[in-house]
1. Once you treat every alpha carbon in segment 1-90 as an equal point and sum by Debye, what is log10 I(q)/I(0) at q = 0.22, 0.23, 0.26 Å⁻¹?
2. With a 1.4 Å probe and all protein chains kept in place, how much accessible area does Arg212 have, in Å² rounded to the nearest 10?
3. Among the listed pairs Lys91/Lys244; Lys91/Lys273; Lys167/Lys224; Lys167/Lys244, which have their C-alpha atoms separated by more than 23 angstrom in this model?
4. Return the distance in nm (one decimal) between the two label points of a simple spin-label model at Arg250 and Asp131, each offset 7 Å from Cα along Cα→Cβ.
5. Kindly sort Val278, Val68 by accessible area of their heavy atoms, largest first, with the probe set to 1.4 Å.
6. Report the full-extension gain for the segment Ser66 to Glu198: residue separation times 0.36 nm, less the Cα-Cα distance, to one decimal in nm.
7. Between Gln231 and Lys91, what is the label-to-label distance in nm when each label sits 7 Å out along the Cα-to-Cβ direction?
8. Give, in nm to one decimal, the length gained when the segment between Cys103 and Ser208 is fully stretched (0.36 nm per residue of separation minus the Cα-Cα distance).
Amino acid sequence: MLSPERLLLPGPEYLAQRHVLTYMEDAVSQLLENREDISQYGIARFFTEYFNSVRQGTHVLFREFSFVQATPHNRASFLRTFWRCFRTVGKNGDLLTAQEYHCLLQLLCPDFPMELTQKAARIVLMDDAMDCLMSFSDFLFAFQIQFYYSEFLESVAAIYQDLLAGKSPNTVIVPTSSSGQHRQRQPPNDCSPLDGVETSLFYQCLESLCDRSKYSCPPSALVKEMLSSAQRLTFSGFLMALAKHQGINRALGALPDKGDLFLDPAMDQELEKLVAQVSGLSISAPASSSGDAANLPVRNLPRISSPWKPLHHRRKMDAESEGSNEETDSSEN
């Protein structure tokens, strides 16, 4: 069902707000890149499958980071995909390091930057404990805030440092955009970061930032509610509060509540079907003299619906694999 918002905004403004041109440009780019394959069953079917994948959130699988972070919908889709793929890590009670979580992220986005993973880990662990283990839920909610609100947090870091240096809210420069360069979050050396800043002044600047920013920001009413219980706060305390606030998590809409984090009925049903299929193949397999080897099931895993970019990557990987096999064969001879 189409959103009623489309009737309240001029056409170009609505298209820009929903990043429609971003997806059209990407679809055309992939159409040209895979035109030989697509010509076999038509352009109309390609566009149908592409925008279905965008709607379902599978369009970010195995894509480059520049595309994964290009729109709020892409970021939310990537967060949801990461949760669904690796929630068993938390369900099993496994604890991982920042480097190990980064490896999981790179399984979905090969060029995902380590810097973002480290910043998410610092929300949980602080700067002096980066090698410690983290639970899946702690890392996931911290990563969600850092990834989805990345530009907002960079601007907040600049505001916090200005307030920490003693500037009044009237002289603090509230950034409205990011230059693309990640700012350092360390406060000036001549100030004490342990004291933090006055919460009311901090929120006054944040409210102005949320009103003027071109990037995604958490709802200002929820931020005000979150800050109302403290007179002073540090930047790390602010980040931790954002990550733990269930209202902000619900407003973002990518992840379930923490209590439901390891529940995914749709995915569980698919896994049950797959297990039943594998079990049936194992039971029906004929016995042979090879013993246990005869009982190994043939695993025909269902293919995930995704846009054309992954197909292109798989072709390149297959070509490289064939080349490496030839080298191995020649070395054996």
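1. Those come out to -1.16, -1.21, -1.32, one per q.
2. Only protein atoms counted, so the area is about 130 Å².
3. Pairs exceeding 23 Å: Lys167/Lys244.
4. Reported label-point gap for Arg250 and Asp131 is 4.2 nm.
5. Putting Val278, Val68 in descending order of accessible area: Val278, Val68.
6. Gain in length upon complete extension: 43.9 nm.
7. A separation of 4.8 nm, rounded to one decimal place.
8. Roughly 34.1 nm would be gained on extension.
The values are calculated or read from the model by the stated rules, or taken from the named source; none is laboratory data. Please read all numbers here as calculations on a predicted model, not as lab measurements. Here Cβ is always computed from backbone atoms with ideal geometry, including for glycine, and neighbour counts include all displayed protein chains. Side chains are part of the model used for accessible areas, which takes the heavy atoms of the whole protein and leaves out ligands, DNA and RNA. Shrake-Rupley method; radii C 1.70, N 1.55, O 1.52, S 1.80 Å.
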